[in-house]
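Undergrad: Take a look at the following structure, please.
What follows is calculated from the coordinates using simple rules that are stated; it is not laboratory data. It should be emphasised that the depicted structure is a prediction, and the values quoted were computed from it without experimental measurement. Cβ placement follows ideal geometry from the backbone for every residue including glycine, while neighbour counts extend to all protein chains displayed.
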Amino acid sequence: MSDTEVNTGGRPSDPPIEGNHSKVIKRNADHTWEGVPVEDYKETTESWKGISRRELIGKRGETTGFHLRYFEIKPGGYSTLEKHEHEHAVYVTRGRGEVQFGCYIYSVEVGDVVYVGPSDAHQFRNPEDASEPFGFLCVVNAERDVPIAVDGLGACHICS
């Protein structure tokens, strides 16, 4: 076969998801991915509720400078209200939710993109009356600082 020909024969099997090579990680109909376990959002539950994460890219031998993660928040759930130096790029893929920056709250839905800047206090939430989980892809630096939980006053530049 020449460099310009395309193999139109049978589809090859999917490459393994472990290792530093090109790969395809198939999404299932239930918003899970084959071979990717559900993990707790964080170790403790003091500052968050009803949220899980899946590490899609960055923890299986890839040498990327970023990690791609999927978070899903149950109705009534929320992430930690926190700040850190590293940035987030978020793409909403399921349901509707809210993002808080400092003392401002914004509604987001499928297709919306959220940018969290350095040192901006932020939190993601799914309202109690939501009819489905709130899911989003999140890209962060592979090397990043440890988040610091903030209280209501520490989150708002107006109140500080």
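Undergrad: Counting Lys +1, Arg +1, Asp -1, Glu -1, what net charge surrounds Ser131 among other residues with beta carbon under 12 Å of its beta carbon?
TA: Cβ neighbours under 12 Å give a net charge of 0.
Undergrad: Using 0.36 nm per residue, how much length does the chain from Asp129 to His31 gain when fully extended, once their Cα-Cα distance is taken away?
TA: Stretched out fully, the Asp129 to His31 stretch lengthens by 33.2 nm.
Undergrad: Moving to a separate point now. With viscosity set to 1.002 mPa s and temperature to 20 °C, compute the Stokes-Einstein D of the chain, Rh being the Kirkwood radius across alpha carbon pairs; µm²/s, no decimals.
TA: In µm²/s, the coefficient is 124.
Undergrad: Another one. Near Ile57, within a Cβ-to-Cβ distance under 10 Å, what is the net charge of the other residues, with Lys and Arg +1 and Asp and Glu -1?
TA: Net charge in that neighbourhood comes out at +2.
Undergrad: If you don't mind, there's one more thing I want to ask. Taking the Cβ of Val108 as the centre, find all other residues whose Cβ is under 15 Å away and add up their charges (Lys, Arg: +1; Asp, Glu: -1).
TA: Here the charged neighbours net out to -2.
Undergrad: Under a Cβ-only charge scheme (Lys and Arg +1, Asp and Glu -1), can you give me the dipole magnitude of the chain about the Cα centre, in debye to the nearest 20?
TA: With only Lys, Arg, Asp and Glu charged at Cβ, the dipole is about 240 debye.
Undergrad: Report the residues of the stretch 9-49 in range of a label on Thr63: point 7 Å along Cα→C-beta, backbone N strictly under 20 Å from it.
TA: Within reach of a label on Thr63: 16-24.
Undergrad: Find the lysine pairs in the chain meeting two conditions, Cα atoms under 21 Å apart and a separation of 8 or more places or different chains, and report how many there are.
TA: Lysine pairs, 8 or more places apart or on different chains, close enough: 7.
Undergrad: How large is ³J(HN,Hα) for each residue in the stretch 88-102, as worked out from phi by the Karplus curve 6.51 cos²θ - 1.76 cosθ + 1.60 (θ = phi - 60°), to whole Hz, x for Gly and Pro?
TA: 10, 10, 10, 10, 6, 10, 8, x, 10, x, 10, 10, 10, 10, x
Undergrad: At 25 °C and a viscosity of 0.890 mPa s, what translational diffusion coefficient does Stokes-Einstein give for the stretch 44-84, taking Rh as the Kirkwood radius over Cα pairs? Give it in µm²/s as a whole number.
TA: So the translational diffusion coefficient is about 207 µm²/s.
Undergrad: With contacts defined as alpha carbon pairs under 8 Å and 6 or more residues apart, what's the relative contact order of the stretch 1-132 in percent?
TA: RCO, the stretch 1-132: 19 percent.
Undergrad: Considering every Cα-Cα pair within the stretch 68-160, what fraction, in whole percent, is farther apart than 23 Å?
TA: Summing the P(r) of the stretch 68-160 above 23 Å gives 20 percent of all pairs.
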